[in-house]
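Enquirer: Take this structure first; my questions come after.
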Amino acid sequence: MTAKELSVEEKLRLICGQDSWHTVDFDGKIPGVCMSDGPVGLRKVAVNEKGEWYDQPSVAYPALHVLANSWSRECAREMGEALADDCKEKNVDILLAPGVNVKRNPLNGRNFEYLSEDPLLAGTLAYEYIDGLQSKGVGACLKHYYVNNLEYNRLDQSSEVDERTLREIYLKSFELACEAKPISAMCAYNRINGVFASENEKGFRILREEFGFDGAVISDWGAVHDRTACAKAGLDLEMPYSEGNYNKLVADYKAGKIADEEVDACADRVLKLAERCEEMRRTRKVERTVEERFAVARKIAEEGIVLLKNDGILPLEKGQSIAVSGDFAAPGDSAKIAGGGSALVQWRGERFDLAKILGEKLGGEVRYARAFWERGLICDARKAMTDAAECDVNVICAGTGAGIETEGRDREDMRLPKWEEESIRRLAEINPNTVVVLFAGSAVDVSAWEDCVAGIVLAGFCGERGGEAVTEILTGEVNPSGKLSETFPCCFEDVPASSTDNDPCVARYEEGIDVGYRYYDTYGFEVAYPFGFGLSYSEFAYSGLKVKTSGDKAEVSFSVKNVAGPAGKEVSQLYIRPIASYVHRPEKELKGFVKQEIAPGKTAKVKFALTLKDFAYYSTAVDGWRTDDGLYEILVGASSRDIWLQALVKIEGGKISFVKETD
Ligand code: GLC
């Protein structure tokens, strides 16, 4: 059906949504669409017998920042596939996910919902997630389009950003994700260079004409200020329905302020969305059982948990006595190890009890005390101190949770609450064999306690099967393989955005393309833990770099050997570094990554294919991508700051040639 077959009233009504979660179906004349949040699990609202709205429980997967820390395309795809089953069970046609906004400011309240400070990592994993979801019959909604990197005054603040930075960083993750053909995208609340995302004709044109997006653009909930201006710009569907906005649209239409063609363009895209959903409904069926979905949630946590520090205390040994403390060890509610807002999922399964699981795995004595000195109150702190003194190892479960990391508000600072910092310091003083398990959704300033503990495990918002995954890593049952998808800076003052994000009207992206490691590595900042960093119980060695070139292509190959420890997965990373460029270029840029399991003593061969595009920058002089002639270094390593192999290549006249290996 096309818009031409609908009356004007029907078309105008169609593009304004039905209610909070559905499009109109004109009593079955056209298919309706049901959409629900969110990126880390289905949040389908319902009304109980008392008429109260509530979120129905569903599998709570690890948050997207943990998925990103897995660097696993396979995990991203499986997460999409499993979420599709959760949606199909509840007749949800579109999952309002994933969020792919690049992480610019560690204080952003929604960083837990996003993937990385690097657009390639973010866009690549989003591609897999979307394709996994849609291949199983549920639509994705790529969000929040675009330059949505803070919650501070998000409904009105403008992100002030130059064109090159937009293209290379903030649009790039959407561009890569669009290759998965999401059937919808959600515009953000904020302005970009003064113009609301919901009215940003240039943004919609780029999305459609350059990124090949052929779905419907949906507003963020309440992001429409002027429905007519949005429709003329190319925003197809307002959500939720707003009677005031609808009436204004009708009046504007009658006043000739919006043409039939403009209304039809939006209506046609909404009709196409509805037909695509109806098509998927016909053939889709639930495939994974709930238990199998829980297994996916656990696998993602196992692969996304990052071992940040280990002076030898991990893995724990059978029979050791363990003192567990901190109320993250036994999260009483879903919001304890999760971010707040529309992404919060009511756990479907049992709450985990980390001390209990540890006791079962190690067979020794395990004690538990809640312990944090919450706001000056002593919560069995004395017991925690006694346990720490009398046990072999002290495991402190600290973090943030939805009370600190949430949609609608940014964090006050990068540190843990002071009573948690105090707990860690005091208990580590009593027993230096202390491991901190960190349940936080974004970078944390660990400077107040990092040096007094023997181990740090970044569990993140690891989902409802995260407790099992954490204990598997603590006991060595699983060899940690996660790596940071965002830098942990030493302190917030080192973050460029720390000086430009406190104006309620304008966030000035003065650092340009130098986001995350692109900034810290270019300007020589020490960081607590670098982008791409993560420890393993194995040791990997890189060797044998070869660069074979042919025309405008290069094949980079090398070997990675598991030289010590058990079988383990290693994330190998490839960066490029232009030499003597005529435009500012970051010190390095991620251009490839691969994760693979390597048996003890075995060697794996890794190959990356590069083309001229991988060396390009966006030139506003030509409004397009350019690869200048010149010398470029290829860097291969285990993290952005652990480069093992380097080679020099030359680009001349559109051809790549190998120059030499460098060290
Ligand atoms: C929220 C969020 C968006 C969510 C939507 C529906 O404000 O910004 O991510 O999908 O509204 O809850």
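Enquirer: Within segment 624-663, restricting attention to residues that are over 13 Å from ASP614 (Cα atoms) and β-branched (Val, Ile, Thr), which residue is surrounded by the fewest Cβ atoms within 10 Å (Cβ to Cβ)?
Expert: Within segment 624-663, the match that is surrounded by the fewest Cβ atoms within 10 Å (Cβ to Cβ) is THR662.
Enquirer: Here's something else I'd like to know. If the requirement is being within 16 Å of the ligand (Cβ to nearest atom), under 23 Å from SER442 (Cβ atoms) and buried (at least 24 other Cβ atoms within 10 Å of the Cβ), which of these qualifies: LEU67, LEU115?
Expert: Of the residues listed, the single one that is within 16 Å of the ligand (Cβ to nearest atom), under 23 Å from SER442 (Cβ atoms) and buried (at least 24 other Cβ atoms within 10 Å of the Cβ) is LEU115.
Enquirer: Only one of (1) under 25 Å from the mean Cα position of the chain (by Cα); (2) among the basic types (Lys, Arg); (3) modelled with pLDDT under 95 fails for LYS595. Which number is that?
Expert: Here LYS595 clears every test but (3).
Enquirer: Further question: Among residues belonging to segment 91-111 that are over 15 Å from SER184 (Cβ atoms) and in contact with a strand residue (DSSP E or B) (Cβ under 9 Å, 6 or more places away or on another chain), point out the one that is farthest from the ligand (Cβ to nearest atom).
Expert: The extreme case among them is PRO106.
Enquirer: Continuing with this model, one more query. Check ALA97 against each of (1) without any contact (Cβ under 8 Å) to a residue 60 or more places away in the chain; (2) more than 21 Å from LEU458 (Cα to Cα) and name the one condition it does not meet.
Expert: Status for ALA97: all satisfied but (1).
Enquirer: Taking the options VAL571, VAL547, VAL563, VAL556, name whichever one is at pLDDT 95 or above, farther than 11 Å from ILE634 by Cα and in contact with a Phe, Trp or Tyr (Cβ under 6 Å, 6 or more places away or on another chain).
Expert: Matching residue, one of VAL571, VAL547, VAL563, VAL556: VAL571.
Enquirer: Let me ask something additional. Report the residue count in segment 214-229 for those that are free of Cβ contacts under 8 Å to residues at least 40 places away in the same chain and crowded, with 24+ Cβ neighbours inside 10 Å.
Expert: So the count comes out to 2.
Enquirer: Tell me whether segment 254-264 contains one or more residues that are more than 16 Å from the ligand (Cβ to nearest atom), of a type in the set (Val, Ile, Thr) and touching a residue at least 60 places away in the same chain (Cβ under 8 Å).
Expert: Within segment 254-264 (the criterion being more than 16 Å from the ligand (Cβ to nearest atom), of a type in the set (Val, Ile, Thr) and touching a residue at least 60 places away in the same chain (Cβ under 8 Å)), the answer is yes, since at least one residue qualifies.
Enquirer: Any chance segment 521-544 includes a residue that's under 25 Å from the mean Cα position of the chain (by Cα) and exposed (fewer than 14 other Cβ atoms within 10 Å of the Cβ)?
Expert: Within segment 521-544, one or more residues are under 25 Å from the mean Cα position of the chain (by Cα) and exposed (fewer than 14 other Cβ atoms within 10 Å of the Cβ).
Enquirer: Please determine, by comparing only the residues of segment 60-90 that are assigned to a loop (DSSP other than H, G, I, E, B) and touching a strand residue (DSSP E or B) at 6+ places or on another chain (Cβ under 8 Å), which one is farthest from THR289 (Cα to Cα).
Expert: TRP71
Enquirer: Only one of (1) away from the ligand (no atom under 14 Å from the Cβ); (2) crowded, with 24+ Cβ neighbours inside 10 Å fails for GLU52. Which number is that?
Expert: Result: GLU52 fails condition (2) only.
Enquirer: Name the single residue, out of those in segment 73-90 being surrounded by fewer than 24 Cβ atoms within 10 Å (Cβ to Cβ) and within 15 Å of GLY123 (Cα to Cα), that is farthest from the ligand (Cβ to nearest atom).
Expert: GLU74
Enquirer: Sticking with this structure for a sec: Of all residues in segment 148-168, which are basic (Lys, Arg) and not in a helix (DSSP H, G or I)?
Expert: ARG154
Enquirer: Kindly provide the set of residues from segment 177-204 that are surrounded by 24 or more Cβ atoms within 10 Å (Cβ to Cβ), more than 16 Å from the ligand (Cβ to nearest atom) and part of a loop (DSSP other than H, G, I, E, B), ordered by number.
Expert: Listed by number, the list holds a single entry, ASN200.
The values are calculated or read from the model by the stated rules, or taken from the named source; none is laboratory data. None of these values were measured; they are calculated from a predicted model. All Cβ positions, even for glycine, are placed from backbone atoms using ideal geometry, and neighbour counts span all protein chains on display.
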